[in-house]
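Student: The following block contains the structure, expressed as structure tokens.
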Amino acid sequence: MIKPSLKFIFNYGILMLVIGVSGCGEKKTEKNITPKPPLKTESQTLELGEEVAPEPVVVTAKTRETYQWYCAQCHGIKGKGDGINAKFLTVPPRNHTKAEYLETRTDEQFFKAIKFGGLSVGRAPCMPAWGNTLKDSTIHELVRYIRELCQCEAL
Amino acid sequence: MKKFYHLLIIGWVLYSPKFSHASLIEEKNCSACHRLSKVEKEKKGPDLFYAGNKYQDTWLEEYLQNPVTLRKAGTINNPDFLKRELQNPQQHPILNKNDALNITQELMLMTLPGLPEEKINPLTKGQIAKTKYEFERTFSCISCHQSLNLAGKPRGGISGPSLVNAGNRLKESWVANWLKNPKIFSNKSRMPVYKMNNETRLRFTKFIMTLKKENLR
């Protein structure tokens, strides 16, 4: 025979276990549906969109045009990090044709660097945030284009 | 005979540059390089259809007589843009004093209607320091625009127009409007769009207006 106090502890324990298990489940679902909080830098706010690139991401003539229009100012027409602004910057722009470094970076890091600027991924502040200028889908395409330029994938 | 003289006088008034469309802007063929309305195709020189909103008249009058290079890499629609820093950037034609004055007066009348005028208080030294920091690090403006460093020397990229003398060249209200909504003026800009909050935008505007060639050392 179990004493009433022990019975209470036993029942309470089972109750807590049930709540605990369902809580984890809830948390898991919540994680999937809750949008990420906006990234706040000192004075600009940008919404963190979907980080995973919608498949399939295809590099088109328009993607190359976008690269030439915006990125080439610093990264150069061929992506070699030798754009017309390059020699005036305190930190040289990334050479997009060098696989050695770029293969150590993930596509998500590229995406964040383009959308939120260099500082957001711990790199140079010379790289501005393009999140208010380019659509997420365009940024995903640019990430693919950089992979094309370096002929490399994330290790 | 009296009627004939009257007609002559009316004709002269109507066809004089001040009252007719035969302006100096047309005479000098400015439209060969500059857009005079937003519906035109992009041209190699800066747009002039909002010149009256954008430029300070004293600067413009001086510029037309002694053109200076604002874009060392050329203008963005130039086919050679981004290929190299131009050794001999194409200079604007030099106008005489009288033409410069008249054309400036004509350009000052070319404005977009309904642009809000915003009153901005002068910045404190602390605000200037903060904005300078953000100009370089938060918004990365320095990557494409030359401005003045702490030693009073030009510093920064060259794909955008130099801001070294922006305080004498641009109108405060135009800078504030450009930062708020550049699409009013151009659908094709190579500058990132910034969604600055009002306080930051007006502070940036005022900061840009502090950049003057007199501060070069």
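Student: Mind grabbing the interface size between A and B? I mean buried accessible area, both sides, 1.4 Å probe, in Å² to the nearest hundred.
Tutor: Roughly 2500 Å².
Student: So what is Rg over Rh here for chain B, counting just Cα atoms and using Kirkwood for Rh?
Tutor: 1.04
Student: Ok, one more. Any chance you could check segment B:180-205 for residues losing 20 Å² or more of accessible area when the partner protein chains are in, compared with the chain on its own (1.4 Å probe)?
Tutor: Checking the loss per residue gives B:Lys188, B:Ser189, B:Arg190, B:Pro192, B:Val193, B:Tyr194, B:Lys195.
Student: Also: In nanometres, what is the gap between the two model label sites at B:Asn149 and B:Lys41, each 7 Å from Cα along Cα-to-Cβ?
Tutor: Once both label points are built, they end up 4.2 nm from each other.
Student: Heavy atoms only, probe 1.4 Å: what % of the accessible area of segment B:106-169 goes to carbon and sulfur, would you let me know?
Tutor: With neighbouring chains kept in place, the figure for segment B:106-169 is 61 percent.
Student: Work out the mean other chain Cβ neighbour count within 10 Å for the residues of A:100-112 and drop it here as an integer.
Tutor: Mean inter-chain Cβ contacts per residue within 10 Å come to 0.
Student: With a/c under 1.5 counting as rounded, go ahead and sort segment A:39-150 into rounded, prolate or oblate using the C-alpha gyration tensor (a ≥ b ≥ c being the square roots of the eigenvalues; past the cut-off, prolate if a/b is larger than b/c, else oblate).
Tutor: The shape class here is rounded.
Student: What FRET efficiency do you get for B:Glu27 and B:Asn66 if R0 is 30 Å and r is their Cβ-Cβ distance, rounded to the nearest 0.05?
Tutor: That pair, B:Glu27 with B:Asn66, gives E of 0.90.
Student: With the cut-off at 15 Å, report for segment B:163-217 the share of all Cα pairs above it, as a whole percent.
Tutor: Everything past 15 Å amounts to 50 percent.
Student: Hey, with R₀ at 45 Å, roughly what FRET efficiency would A:Arg123 and B:Asn88 work out to, going by the Cβ-Cβ distance, to 0.05?
Tutor: Given R0 = 45 Å and the Cβ-Cβ separation, E is 0.80.
Student: While we're here: Suppose each label sits 7 Å from its Cα in the direction of the beta carbon; what would the A:Leu155-B:Asn181 distance come out to in nanometres?
Tutor: 5.0 nm
Student: Please calculate how many Å² of accessible area segment B:94-217 carries per residue, with a 1.4 Å probe and no DNA, RNA or ligand atoms counted.
Tutor: 48 Å²
Student: Each label point is 7 Å from the Cα along the Cα-to-Cβ direction; what then is the distance between the points at B:Arg190 and B:Leu101, in nm?
Tutor: Between B:Arg190 and B:Leu101, the simple spin-label model gives 3.8 nm.
Student: A further question follows. With every protein chain left in place, what is the accessible area of A:Thr106 in Å² (1.4 Å probe, nearest 10)?
Tutor: 50 Å²
Student: Could you estimate the translational diffusion coefficient of segment B:25-108 from the Stokes-Einstein equation, with Rh from the Kirkwood formula over C-alpha pairs, at 20 °C and 1.002 mPa s, in whole µm²/s?
Tutor: 158 µm²/s
The values are calculated or read from the model by the stated rules, or taken from the named source; none is laboratory data. In this text the structure is predicted, and so the values were computed from the model without any measurement. Quick reminder, even Gly has a Cβ in these numbers, built from the backbone with ideal geometry, and neighbours come from all protein chains shown. Note: accessible area is taken over every heavy atom of the protein model, side chains too, but ligands, DNA and RNA are not part of it. Shrake-Rupley method; radii C 1.70, N 1.55, O 1.52, S 1.80 Å.
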